[in-house]
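Here the structure is laid out as structure tokens; the discussion comes afterwards.
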Amino acid sequence: MKSWAEFKHENPELAMYGKRLLFRLHPQVGYAFLATLRKDGAPRLHSVSLVTSNDHIYVLIPPNSPKCSDLLLDGRFAIQAFPPPNNDQVKSSIFPEALFPFQISPYAWH
């Protein structure tokens, strides 16, 4: 998995658009949905807060939350930004593969 910095370096236009979606209300605090897999393999969806600092994006996850347990058991996840207010069809057609292949570390609180 790539870091946000690597992703941004390889896909600057997509990274800029993604960051603009994730951090629409405030330049350093964002909101999104985090999809994880439960122990039984069923999907789980969480609303999460994101912060950006020193060219990194962090997902704020309490260590005793179900989403943390999910990530420790199975590190696969997806992040979905809230839809843009004007349903920006132009950008979504330019980036149909708009995935965020960067790494979330469940150990970041240590």
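Taken together, the values in this text are just the output of simple stated rules run on the coordinates, not laboratory data. In this text the structure is predicted, and so the values were computed from the model without any measurement. Positions of Cβ are generated from backbone atoms using ideal geometry, with glycine treated the same way; all protein chains shown enter the neighbour counts.
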*Measure off 7 Å from each Cα along the Cα-to-Cβ vector at R24 and S47, then give the distance between these two points in nanometres to one decimal.*
1.3
_Please compute the modelled spin-label separation between D74 and E6, points set 7 Å along Cα→Cβ, answer in nm with one decimal._
2.3
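Any idea what the alpha-carbon Rg over 2.2 N^0.38 Å comes to for region 4-84? Write down the numbers at each step before the final one.
Values: Rg = 13.3 Å, N = 81, 2.2 N^0.38 = 11.7 Å.
Cα-based Rg divided by the globular estimate yields 1.14.
Mind checking the dipole of region 4-84: about its Cα centre, +1 per Lys or Arg Cβ, -1 per Asp or Glu Cβ, Debye to the nearest 20? Can you show the working numbers first?
Details: 9 positive and 7 negative charges, 55 e Å.
The dipole magnitude comes to about 260 debye.
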*Please name which of A81, T52, H9 has its Cα lying farthest along the dipole of region 4-84 towards the positive end, using unit charges on Cβ (Lys, Arg +1; Asp, Glu -1) and the Cα centre as origin.*
A81
